[in-house]
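Trainee: Just passing along the structure, written as structure tokens.
The numbers here are math on the coordinates, done by the rules we state, and not lab data. As the structure is a prediction and not an experimental result, all values here were calculated from the model. Note that each Cβ is placed from the backbone with ideal geometry, even for glycine, and that neighbours are counted across all protein chains shown.
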Amino acid sequence: MTARLGLGLARGVSGVGNRAAAYTLRPFSAEPKVLFGQYLANARNTEMLFDSIGDGKEVLTKEEVQAFLEDVKPFIRPEALDEIEAKAAGECLNREYFKKWLVLATRFDSQRNSKMAKYYGMLGEQSGAVHKEPKSWNESTMAQNLRRMQYAVRGQVVMKAETLMAEGKEIIFTNIGNPHSVGQKPITFYRQVLALCDLPPQYGVDHPEASKMFPADVIARAREMQDAIGGSGTGAYTGSQGVLKFRQDIASFIEARDGQPCLPGNIFMTNGASSGIQAILTGLIADMNDAVMIPIPQYPIYSALIALLGGRQVGYELDESKGWSVSTETLKAQLDKAEAEGLRVKALAMINPGNPTGQVLSEEDVFTICKFCCANGIVLLSDEVYQRNVYAPGKQFHSAKKVAMERESELRNLQLVSFHSTSKGLIGECGRRGGYMELYNIDTFVQTQIYKLASAGLCSGVNGQIMTSLMVKGPEEGGESFDLFIKEESEIMESMKRKAKMLVKGLNEIDGIDCEDAEGAMYAFPRIQIPQKAIDAARKKKQSPDTLYAISLLEDTGLCVVPASGFGQADGRIGFRTTFLPPDDVMEGAVEDFKRHHEKFCEQYA
């Protein structure tokens, strides 16, 4: 029981940190302990928790409250403890009061930062909530899974950056993989075809002057796409899985990439990879004991969605000293631990190339993960959105499906869902929200239910579907657009390679900063060494040390990065994630700013 509560607490409450792993609960009532651990993990079963404390009574005695608090004190905010102990000392407590107190006592500190408070204050003026009477739908009655969900990439540091920008400070946003926002130019062929697809034929592909404004292959592709979409155009719903012709384009792309067959019926077009991941997790997580294994560090969409859907996350740590690799021993140890705590591990997320870590898995690495999932009946969620972003010499992308099909004798029972997106690669069309997922060897009935879920959303955005088709099927060699297309892609790729090398080299030349090579994706994930006084200062401010560092960096230089703690990291590690997407001259200046700030920060807290 102790271990079960420990897992629920380890990443569930701000300020708990490593205490959950070290703290041993004294036995009082097994049921409240388990329920409290589940509550902290996913905010569910609050009523069962309260029933277990006071035997369902409407009023809790001083002794009942004290018995409960005795073993959960380390996981409650100190100021909240003072309040409840003072209250319980003088009177019995109403269940509803105790419930509201517990919600506030275990909330994340980051949800009361100044930016959120400012937004909260604006709502009275800008929304319909103009009446001041208490609302029945409020902080304690709302879905607690949503309240507790966090998304670090747009968290506290980014909110601070937006405030500073509004005050006139120049900010360089390196917190998120959003290429066009920091200067990457859109690829001409994509935008031309998209423009013609949106225009009614008489103003676009059939206009008598069209050939003077657009290359012939652009007009032909747009006409083909309009025919595939149908006469209603881009403003109408498509089929739930996406336009059939576009799914056929995706299937052809996968077949060419992997040398293996792909069926359009297994392709679901999605609003970026994120909506596909959410759909699959929705179909996987049935109750609060269902768990998903995620890499640590991880991209926060996984922890956020698992929390939102009421599941449990089981982290498997990547080994930074070995280029962010993972071993079968690590995976097995985490699975055994989770099962011993009564959890059902239903899926495992693999991000390749890695985000935030930037590693590119070898074929054998991918096989190791596939084999582990196959042997344990675990569905593999293969996040492959950075498959074009491979920069390191000698490295190449290996899809999970290709590995599974080429080694089918060993991986016959692997259940796999793969994700891809128009937001990354060399296309960088984040705002189009285009992407797809492929279901491979998934139970037929389950696939019908995923289709039902897609049908409930009617369809993914049509512009995103168009962009996804363009991503997997560019202009044909010999066409008017081909040479310019290759030139634009090559310039983006060479720029990425150059900046990845420049940034990592520059960071490693700073005393106190170490960074593994950025083999792929769009990020560097350095670890930093800072003085103990800085760590103590962060603790006083109820911040993680890397949040203190990131805010200091932002205020001093205008560089907006994400604290590494938002992605998860090894105990005692301090670091941040930064992209290398801004233009070359900006990145050169950023490297200098990283060095100047780090030296200044360390001197300040020496």
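Trainee: Per the Kirkwood treatment, what hydrodynamic radius in Å, one decimal, follows for segment 158-232 from the mean inverse distance over all distinct Cα pairs? All intermediate terms of the calculation are to be shown ahead of the outcome.
Mentor: Working: mean 1/r = 0.0660 Å⁻¹.
For segment 158-232, inverting the mean 1/r across all distinct Cα pairs yields 15.1 Å.
Trainee: Subtract the Cα-Cα distance of residue 593 and residue 165 from 0.36 nm times their separation in residues, and report this length gain in nm to one decimal. It would help to have the intermediate numbers written out before the result.
Mentor: Working: separation 428, 0.36 × 428 = 154.08 nm, distance 1.80 nm.
Gain on stretching residue 593 to residue 165: 152.3 nm.
Trainee: In Å and whole numbers, how far do the C-alpha atoms of segment 438-488 stretch along each principal axis, longest first?
Mentor: Principal axes ranked by extent give 46, 24, 15 Å for the Cα atoms.
Trainee: Here's a follow-up. Taking a quarter of the surface of the Cα convex hull of segment 419-551, what do you get in nm²?
Mentor: Values: hull surface 54.7 nm².
For segment 419-551, averaging the hull's shadow over all directions gives 13.7 nm².
Trainee: Could I have the simple spin-label model distance between residue 330 and residue 255, label points 7 Å from Cα toward Cβ, reported in nm to one decimal?
Mentor: 3.8
Trainee: Sort 425-431, 586-592 by the packing proxy (mean of other Cβ within 10 Å over each peptide's residues), most packed first. Each step should come with its number before you reach the end.
Mentor: Details: 425-431: 20.7, 586-592: 17.7.
The densest-packed peptide leads the list: 425-431, 586-592.
Trainee: Straight distance only, please: which lysines reach the Cα of residue 87 with their own Cα at less than 27 Å, same-chain residues fewer than 8 apart left out?
Mentor: Candidates past the 8-residue exclusion: 33, 57, 62, 73, 99, 100, 132, 135, 540, 541, 542.
Trainee: Near the amide H of residue 296, under 5 Å away, which other amide H atoms are found, from residues 5 or more places off or on another chain, if H is placed in the peptide plane?
Mentor: Amide H to amide H, under 5 Å and 5 or more residues apart or across chains, residue 296 pairs with 316, 317, 318.
Trainee: Gain in length, residue 211 to residue 67, computed as 0.36 nm per residue apart minus the alpha-carbon separation, to one decimal in nm? Can you show the working numbers first?
Mentor: Working: separation 144, 0.36 × 144 = 51.84 nm, distance 8.00 nm.
Result: 43.8 nm gained on full extension.
Trainee: Modelled label-to-label distance, residue 227 and residue 362, 7 Å Cα→beta-carbon offset: nm?
Mentor: Modelled inter-label distance: 4.8 nm.
Trainee: Given N residues in segment 469-532, what is Rg(Cα) / (2.2 N^0.38 Å)?
Mentor: Working: Rg = 17.9 Å, N = 64, 2.2 N^0.38 = 10.7 Å.
In units of the 2.2 N^0.38 Å rule of thumb, it is 1.68.
Trainee: If r is the Cβ-Cβ distance from residue 180 to residue 96 and R0 is 35 Å, what FRET efficiency results, to the nearest 0.05? Working shown, then result.
Mentor: Working: r = 49 Å, r/R0 = 1.41.
Computed FRET efficiency for residue 180 and residue 96 comes out at 0.10.
Trainee: Share of Cα-Cα pairs in segment 203-353 beyond 21 Å, in percent? Mind showing how you got there, number by number?
Mentor: Values: 7144 of 11325 pairs.
Value for segment 203-353: 63 percent of Cα pairs lie more than 21 Å apart.
Trainee: Still on this structure, I have one more. For residue 448 and residue 540, what is the calculated FRET efficiency with R₀ set at 56 Å and r taken between the beta-carbons, to the nearest 0.05?
Mentor: Details: r = 55 Å, r/R0 = 0.98.
That gives a FRET efficiency of 0.55.
Trainee: Sticking with this structure for a sec: What does the extension gain come out to for residue 245 and residue 458, with contour length at 0.36 nm per residue minus their alpha carbon separation?
Mentor: Numbers: separation 213, 0.36 × 213 = 76.68 nm, distance 1.76 nm.
Going from the current span to full extension adds 74.9 nm.
Trainee: Take the cross-link list 322/346; 499/595; 185/497; 395/499 and give me the ones stretching past 19 Å between alpha-carbons. Walk me through the intermediate numbers first.
Mentor: On the way: 322/346 27 Å; 499/595 16 Å; 185/497 17 Å; 395/499 17 Å.
Result: 322/346 exceed 19 Å.
Trainee: Taking the Cβ-Cβ separation of residue 344 and residue 487 as r and a Förster radius of 56 Å, what is the calculated FRET efficiency to the nearest 0.05?
Mentor: Numbers: r = 51 Å, r/R0 = 0.92.
Once the sixth-power term is evaluated, E becomes 0.65.
Trainee: In addition: If eta is 1.567 mPa s and T is 4 °C, what Stokes-Einstein diffusion coefficient results for segment 492-574, Kirkwood Rh from Cα pairs, in µm²/s?
Mentor: Working: Rh = 13.9 Å.
Translational diffusion coefficient: 93 µm²/s.
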